[in-house]
Structure formats: C-alpha cells, structure tokens
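Asks: Provided herewith is a single structure, encoded as structure tokens, for subsequent inquiry.
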Amino acid sequence: MNLIKTGNSWKFATEADLEDFVWANLKELFGLIPLKRQYYVNGQICDILALNENKQLVVLELKNGEDRYIVQQLTRYYEALLENKPFQEEVDYGQPIWLIAIKPNFHRDNFTDRKYSHLSIQFLQFQILVANQNFYLELKDLDNGKLSKVEINYQERDVNEDIPAPPRAIINRLSKCDNSSENEREAVLRIRKKILGFDKRIQEIVKPNSIEYGKGKNKLCAEFYFGSTFYGFQGRPNLFLRLPEPDPHYRQTTLRMHICSDKDLTTFSRIIHYPRAFISNKNRVSNLYEYPSFIETIKRCVEGESLNERPRICYEKYEKLILSGTNSLEILVDIALDTWLKRL
C-alpha cells in the first residue's frame, strides 16, 4: 500500500491505492460483500459495487482529493444501474440502491447538491491516523458522527537523505557523451538523486556499459546505459526504467523500457521495450509505445472491457500519468519507483 506524507498528515499516493484498500476491507469497514470494481455501464465507470447481507446493491465512489461533482457522478451511476439492472441473480432491485461518497474532505457545493437531490447519499470523510507507528484509515459519517477504523498494513519508507556524491564512473561517461547538452547531463544527475533518495535500499551498481539502480541484479528500477552504437542514441545517456506492462491486453509484468525523451530529460515521446541492451523482444507484436497513443488505448480498453481485469489493472498502474494529462518524465520515474517498491 502506497502512502505519502504531506506536511504533518498522510494520504494515499493515488486514488487507485485508496480504492485497493477499501475494496480489500469492505467487510471490516461496512460489512459488505465485494461485487465488482471499475464497473462500466452506459458510459459510466463505477468505482466499487458491493452487496449487503440482504442483497441490496451498494455503490461506493471514492476521491483522494477535493471534488465538487461527486453527487452528480453517483446520480449518473444510479440511473445507469437502474436502467440496465446488471447482476440480477445477486441483486434485489426491489430495494433502493445505497450510495456512498468517500472523500478526505467535502466542499460546501457537495452538501448543496445533496440537499436538493431526491437520492439518499451517505457522506463519509476519511483520514489516515498514525499511532505507535501503526497506520489506520478512519471513516466519519458526516450525518451522525459515527466513526469506523481499520488498520493499514504499511511500513514507512526509509527515505535516503544522505545521498553519496556521483561516482567517477558516471562523471566520466557523461563527459564522453558528445551529443548531450549540459542541461541533459545535469538532468541525469537530478534523476539519479531522485532515485537514490527514494529509499535507502536502492543501490548504485556500476557496470561496464551502464549504471543500474535497485536492490541486487533482479530488483532494478532504473538504468543509465552508455554502450549504444544504435543510430539516434549515440553520444547520449540512455535512460531505461522498469515499468508496468503498458499494453492493456497483456498480463501485467514489469518490463525494461527505453525512454525516448527530449534533450533536457523533462518529457518523453515514446517508450520501447528492450529486454537487454537495444535488443527487441521478437515474441511481442509491438515493442514501441507512442505517447499519448498508448495512454488513449488504456483508457478506451477500460471503458470497453468491463469484464476483463487486465485493462483496469493497467489503468491503475499508469493512473498518475493518465490523470496528469502530461508526458512528464518525472511522473514516469515515479511510476518506476512505485513499481520497484511493490516488487520487494
């Protein structure tokens, strides 16, 4: 489970992390039976569908930050579900659909929208509490003040604030990158600092043609490769990241991806799968993923394949990039680091 600290408080790193936790703890938090996640119906995607012991359908919409339109979203879900009546063997549609909104805070517009809606919508405000180095999710019903709490299985990362100076190997290799700008060389050192500062367990491993980052040879998250004679990559440091599978039709795994970036290493245009050096995987239909095409493909598949888990999982892995609406290389590095942490 990924949490991040903001000031003196804690929050889930992404909305997908919040959803993962609530889905796994539906029984403990609400006494509910899980039914479906990211369910697509009439152009709407419901975060979580669940059942109570009386077969009443429950819809949970989750937000990891401020959102003024959660009442409208739940209203659309209500209409779509009543119109289609999915899961009729499991659900008793003779009972009203129970609607739950879960957020860290509610805007006054949310209360106004609910006041003039004919639907009954439960507002639950959540916060993450820390006590004796243990983490808890606390939910508060804003109508009656009732509290519920469940422990989060999370260990705080051992952030590395004492980052060693760059080794002579990386300085020498950068100086030999004839087609590299000064900004690009500075960006390499900035990315190196970000990676090493993420967790003390990340090691810097110097090899003849590359400098790798991770825990041992089988738990890598990033690599600067200097051994290329491949046209277009000569004389530049080549960044490789271990990223989640970007094709929503494939089973999720972690792939060694070459990052084709701008000269300042701030944005990327495509990612290419090379299992080693610049050698492609001939067993795959495609090894190249253009931005934003591959992101649009993930989004389309999530909307169109509600019964297939692979697109949903792929969406969750790249959610931070999708929601940003940018081709930020820094976010791609964040995804690689989060992926590395989950693999430990």
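The values are calculated or read from the model by the stated rules, or taken from the named source; none is laboratory data. Keep in mind it's a predicted model, so treat the numbers as computed, not measured. Neighbour counts run over all protein chains shown; Cβ positions are idealised from the backbone, glycine included. The accessibility values were calculated without ligands, DNA or RNA, using every heavy atom of the protein model including side chains. Shrake-Rupley method; radii C 1.70, N 1.55, O 1.52, S 1.80 Å.
Asks: Report whether or not Cys177 is at pLDDT 90 or above and open to solvent by less than 20 Å² (accessible area, probe 1.4 Å). Walk me through it before giving the result.
Replies: Numbers: at pLDDT 90 or above: no; open to solvent by less than 20 Å² (accessible area, probe 1.4 Å): yes.
No: the conditions fail for Cys177.
Table: residues versus (1) in a helix (DSSP H, G or I); (2) open to solvent by 50 Å² or more (accessible area, probe 1.4 Å).
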position: Gln252; (1), (2): no, no
position: Leu255; (1), (2): no, no
position: Asp264; (1), (2): no, yes
position: Phe294; (1), (2): yes, no
position: Glu316; (1), (2): yes, no
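Asks: Name the pairs whose Cβ atoms lie under 6 Å apart, with the first residue in the range 202-223 and on the phi > 0 side of the Ramachandran plot, the second surrounded by 15 or more Cβ atoms within 10 Å (Cβ to Cβ), and 6 or more positions between them or separate chains?
Replies: Partner pairs satisfying both residue conditions: Gly214/Leu220; Gly214/Cys221.
Asks: Could you please let me know if Tyr93 is modelled with pLDDT of 95 or more and among the aromatic types (Phe, Trp, Tyr)? Full working, then the answer.
Replies: Working: modelled with pLDDT of 95 or more: yes; among the aromatic types (Phe, Trp, Tyr): yes.
Taking the combined requirement at face value, the residue satisfies it.
Asks: Could you tell me which residue of the range 190-203 is farthest from Val333 (Cα to Cα), considering only residues that are in contact with a helix residue (DSSP H, G or I) (Cβ under 8 Å, 6 or more places away or on another chain) and not charged (D, E, K, R)?
Replies: Let us first name the residues in the range 190-203 that are in contact with a helix residue (DSSP H, G or I) (Cβ under 8 Å, 6 or more places away or on another chain), namely 191-192, 194-195, 198-199, 202.
Next, from what is left, pick out any that are not charged (D, E, K, R): 191, 195, 198, 202.
Numbers: Ile191: 8, Ile195: 8, Phe198: 11, Ile202: 14 Å.
Checking each candidate, the answer is Ile202.
Asks: Show the residue pairs meeting these rules: Cβ distance below 6 Å; 6+ apart or different chains; first residue within the range 116-138 and touching a residue at least 12 places away in the same chain (Cβ under 8 Å); second residue open to solvent by 50 Å² or more (accessible area, probe 1.4 Å) and of a type in the set (Lys, Arg).
Replies: Every condition considered, the pairs that remain are Gln125/Lys140; Tyr136/Lys149; Glu138/Lys149.
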